1. I'd like the Karplus ³J(HN,Hα) series for the stretch 235-245: coefficients 6.51, -1.76, 1.60, θ = phi - 60°, whole numbers in Hz, and an x wherever there's a Gly or Pro.
2. How many angstrom lie between the Cα centre of the stretch 27-78 and the Cα centre of the stretch 177-198?
3. Tell me, what ³J(HN,Hα) does each residue in the stretch 259-272 have, in order and in whole Hz, if you take phi through Karplus 6.51 cos²θ - 1.76 cosθ + 1.60 with θ = phi - 60° and put x for Gly and Pro?
4. For residue 264 and residue 152 in the same chain, what is the full-extension length gain: residue separation times 0.36 nm, less their Cα-Cα distance, in nm?
5. Report the rotationally averaged projected area of the stretch 170-229 based on its alpha-carbon convex hull, in square nanometres.
6. Could you tell me how many degrees, from 0 to 90 and to the nearest 10, lie between the Cα long axis of helix 160-183 and the main elongation axis, the longest principal axis, of the Cα atoms of the chain?
7. Where does the chain land at 222 nm, in deg cm²/dmol rounded to the nearest 500, when only DSSP H runs of n ≥ 4 count, each adding -39500 (n - 2.57), divided by all residues?
8. Under 19 Å from a point 7 Å along the Cα-to-Cβ line of residue 139: which residues of the stretch 228-265 have their amide N that close?
Amino acid sequence: MILKGKKGIIFGALNDKSIAWQVALKAHEQGAEFVLTNAPIAMRMGEINNLAANCGNAQVISCDVSKTEDMENLVEKSMEILGGQVDFVLHSVGMSLNIRKGRDYADVDYKFMHDTLDISSISFHRLMQTLWKKDAMKDWGSIVALTYIGAQRVFPDYHEMGDAKSLLESYARGFGYRFGKEKKVRVNTISQSPTKTTAGSGVKGFGDFFDYADALSPLGNASADACAEYCLSLFSDFTRMVTMQNLFHDGGFSNTGFSYDVFKLIENKNEGGAE
Ligand SMILES: NC(=O)c1ccc[n+]([C@@H]2O[C@H](COP(=O)([O-])OP(=O)(O)OC[C@H]3O[C@@H](n4cnc5c(N)ncnc54)[C@H](O)[C@@H]3O)[C@@H](O)[C@H]2O)c1
């Protein structure tokens with residue numbers, strides 16, 4: 001059990017497709033104790049309570065990540081419940097209002113864009129600032145956030161989320177330095193393959209893009225399950241010197257320029273279209 005005795009906070013388990021859902025199940029299997037959290041609206045859907053029941057009756061605390069008072073309450077209550085500082089935190093949160101509302105990248109609503117950045121990126125800074133001020137991280141602890149290669153390259157339909165993820169990854173470096181110097185705590189982002197979740201499927205053309213990424217990656221797309229295992233390795237003591245990194249968990253997609261499987265995929269689509 002690689003997380004035996006470790007305590008943590010897991011954000012973002014909405015339903016059993018969520019990456020955070022798989023992280024929670026596996027962290028429980030590996031001996032961790034943790035608090036689950038999500039936005040009030042997601043809590044009302046109630047599915048998170050089923051997850052909590054399967055994770056040793058984990059406590060569930062509501063937190064809208066765009067509200068500092070919610071974040072402070074979450075961190076304080078988690079420390080009470082878990083009996084002190086925590087070893088690991090997973091930030092698995094993302095949302096774009098312009099994508100949701102069908103606004104083009106060249107026609108964004110800036111209020112929506114502020115909300116997107118607040119929820120998807122600044123929330124990570126807010127989380128780390130709260131953990132820092134409340135001295136909530138144990139020495140040699142680990143903080144992980146999920147991101148996407150749209151932070152480095154343009155995927156037109158990924159839209160403002162590409163900008164949001166760039167900022168998120170930058171915060172991992174900025175706070176990673178401070179947490180490393182003061183507390184030996186590491187901060188990393190995992191850049192995950194396209195994954196069939198509620199957030200992922202909300203991006204236009206997701207199905208075609210999922211197939212393309214799968215065909216380009218020598219190992220194929222990484223599943224939510226595999227991503228959860230990678231998160232656990234970063235929470236464990238086996239990765240204590242890894243920090244301030246953006247780590248690709250994408251079956252090799254990020255370093256591949258061409259594959260015959262992509263060629264075949266395009267050929268098949270063209271043949272299908274001609275019928
Ligand atoms: N699915 C993909 O293709 C993919 C690929 C790479 C990275 N990611 C990232 O993985 C993370 C998890 O997403 P997922 O794919 O598991 O989808 P998901 O929809 O299951 O999870 C997104 C979560 O964000 C939460 N959230 C949204 N607004 C919030 C708020 N104001 N306060 C608190 N929580 C809020 C949702 O309730 C949900 O639980 C996100 O950061 C996403 O960008 C996803």
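Any read-out appearing in this document is the output of simple, stated calculations on the displayed coordinates, not a laboratory observation. Computed from a predicted model, the values in this text were never measured in an experiment. Please note: Cβ atoms are built from the backbone with ideal geometry, for glycine as well, and neighbour counts cover all protein chains shown.
1. 7, 7, 7, 7, 10, 5, 9, 9, 8, 6, 10
2. That distance is 19 Å.
3. 8, 5, 5, 5, 4, 5, 4, 5, 4, 4, 5, 5, 4, x
4. Numbers: separation 112, 0.36 × 112 = 40.32 nm, distance 2.66 nm.
Full-extension gain reported as 37.7 nm.
5. On the way: hull surface 22.4 nm².
Orientation-averaged projected area of the Cα hull: 5.6 nm².
6. With both axes taken from Cα atoms, the answer is about 30 degrees.
7. Details: 12 runs with 128 residues, N = 275.
Rounded to the nearest 500, the figure is -14000 deg cm²/dmol.
8. 236-243
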